[in-house]
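Beneath this line is the structure, given in structure tokens, with notes to follow.
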Amino acid sequence: MRVSTLLLYLGGIVLNHLQSIEKEMSIRHIWEARKRIARIINRTPLIQSFVLSELAGRPVYLKLENTHDIGAFKVRGAANKILSLSDEEKKRGVATFSTGNHGMAVAYVARMLGIEAVVCISHRVPKAKVDSLKRLNAKIEIYGESQDEAGKRCYELEKEKGLTLIEPFDDPYVIGGQGTIGLEILEDIPDVTDIIVPLSGGGLLSGIGLAVKSNDPRIRVTGVSMEKSAVMHESLKAGKPVKLEESETLADSLLGGIGLDNKHTFRMVQRYMDANLLISEKDIALSMAFMMDKHRMIIEGAAATGVAALLTNQIPRQEGAVAVVISGQNVDLSLIYKIIQNYV
Ligand SMILES: *Cc1c(COP(=O)(O)O)cnc(C)c1O
């Protein structure tokens, strides 16, 4: 009796271990994503920034993820996830909650594939993003004051109507899709030694980290977030996912929790991120102004955190090329007006 109990127990441990290995992502997931999304996602340009290269004393490149149709990289993850659903799931439709860019990505991909998409968003989401969602034919559900509250509504819809919830970051297919950015950077600048990645829930950093460190573990991956409500930063310090109040920030696309039951990105960011920088609101504004002034390019606050890391001299001066992921450009015109008035 005792022996059989023990054997059952040991068997359980071995099985758990095997399952956790199976759940682990590998570079294979990113190559699969690349093949799956190729027919609907365009490869994005990578340009050298001569001004930033001069300042940094080494070649600096901008990976222009703002040039996707919806103005942000999140179409990659959304496309990889939605294309992997069964025909039955596609017929029932998809749902999502997000501060805007992920919602737009899901709506965009769903419309392209003839699938119905419901987007749950909080009252805090800027008007420009709500208007863009409506233009993409998404059904909008406005609920609560934070991304977490909007999320609860989405889980209800999943139960009531059998919609498939497309997670904004904590899903292997979403992470795999974002990781295709890493492959493209490696192809365009094989001598890259530093990659700077805006960080919120960590889908973007997990995917890029897995892609580039599978190629060369010495490539440094730096995550950048705003000073206020940097949830991943605080979670890493605490050694487990924590919750924080959301506050006003220019980097609104970086708001939102990482999920107290985070399954993938917390561990992946822990493993793949070499440094985590926090950027002040003033430096985010100055970096948005810098991009308008020097590159004639409008980028959103979340994306400007990466530029700020260089402008504030926080990336160690080493050999090799730096790539900054310009993650998006979706920002209200009224804010751009203020930035030009006060910072250009
Ligand atoms: C979502 C988003 C990020 C952060 O991505 P995570 O996968 O949540 O870390 C950065 N920049 C922009 C523009 C975004 O929309």
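The values are calculated or read from the model by the stated rules, or taken from the named source; none is laboratory data. It should be emphasised that the depicted structure is a prediction, and the values quoted were computed from it without experimental measurement. Every residue, glycine as well, gets a Cβ built from its backbone with ideal geometry; the counts of neighbours run over all protein chains shown.
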> Given the conditions (1) in a strand (DSSP E or B); (2) buried (at least 18 other Cβ atoms within 10 Å of the Cβ), and given that Ile47 satisfies all but one, which numbered condition is not satisfied?
Replying inline: (2)
> Which members of the stretch 111-167 meet the condition of being out of contact with any helix residue (DSSP H, G or I) (no Cβ under 7 Å at 6 or more places or on another chain) and among the hydroxyl-bearing types (Ser, Thr, Tyr)?
Replying inline: Ser146, Tyr155
> What residue, among those in the stretch 145-169 that are outside any helix (DSSP H, G or I) and modelled with pLDDT under 90, is nearest to the ligand (Cβ to nearest atom)?
Replying inline: Ser146
>> If I filter the stretch 183-229 down to residues being away from the ligand (no atom under 14 Å from the Cβ) and of a type in the set (Ser, Thr, Tyr), which single residue comes out as surrounded by the most Cβ atoms within 10 Å (Cβ to Cβ)?
In response: Ser214
>> Could you go through the stretch 178-188 and let me know if any residue there is touching a residue at least 24 places away in the same chain (Cβ under 8 Å) and assigned to a loop (DSSP other than H, G, I, E, B).
In response: no
>> Please go through (1) touching a residue at least 24 places away in the same chain (Cβ under 8 Å); (2) among the small types (Gly, Ala, Ser); (3) away from the ligand (no atom under 15 Å from the Cβ) for Ser98 and return the number of the only condition it doesn't satisfy.
In response: (3)
>> Name the single residue that is farthest from Arg220 (Cα to Cα) among those in the stretch 322-334 being under 22 Å from the mean Cα position of the chain (by Cα) and more than 9 Å from the ligand (Cβ to nearest atom).
In response: Asp332
> Quick check: is even one residue across the stretch 277-298 under 19 Å from the mean Cα position of the chain (by Cα), under 22 Å from Thr180 (Cα atoms) and at pLDDT 95 or above?
Replying inline: no
>> Show the residue pairs meeting these rules: Cβ distance below 7 Å; 6+ apart or different chains; first residue within the stretch 223-244 and in the same structural domain as Arg271 (by TED's automatic domain parsing); second residue of a type in the set (S, T, N, Q) and in a helix (DSSP H, G or I).
In response: Val224/Thr305; Ser225/Thr305; Met226/Thr305; Leu236/Gln270; Pro241/Ser235; Val242/Ser235
> How about the stretch 328-338: which of its residues are under 14 Å from Ile284 (Cα atoms) and either assigned to a helix (DSSP H, G or I) or not aliphatic (A, V, I, L, M) (or both)?
Replying inline: Gly328, Gln329, Leu335, Ile336, Lys338
>> For the stretch 258-320, give me every one of the helices (runs of 4 or more DSSP H) that falls completely inside it and has 3 or more residues that are surrounded by fewer than 19 Cβ atoms within 10 Å (Cβ to Cβ).
In response: 265-272, 281-295
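Residue by residue through the stretch 230-247, note down the ones that are closer than 19 Å to His102 by Cα and assigned to a loop (DSSP other than H, G, I, E, B).
Ala230, Glu246
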> Which residues, taken from the stretch 158-184, are farther than 21 Å from Ile115 by Cα and among the hydrophobic types (A, V, I, L, M, F, W, C)?
Replying inline: Ile175, Ile181, Leu183
> How about the stretch 78-137: which helices (runs of 4 or more DSSP H) wholly inside it have at least 3 residues that are surrounded by 17 or more Cβ atoms within 10 Å (Cβ to Cβ)?
Replying inline: 101-113, 127-135
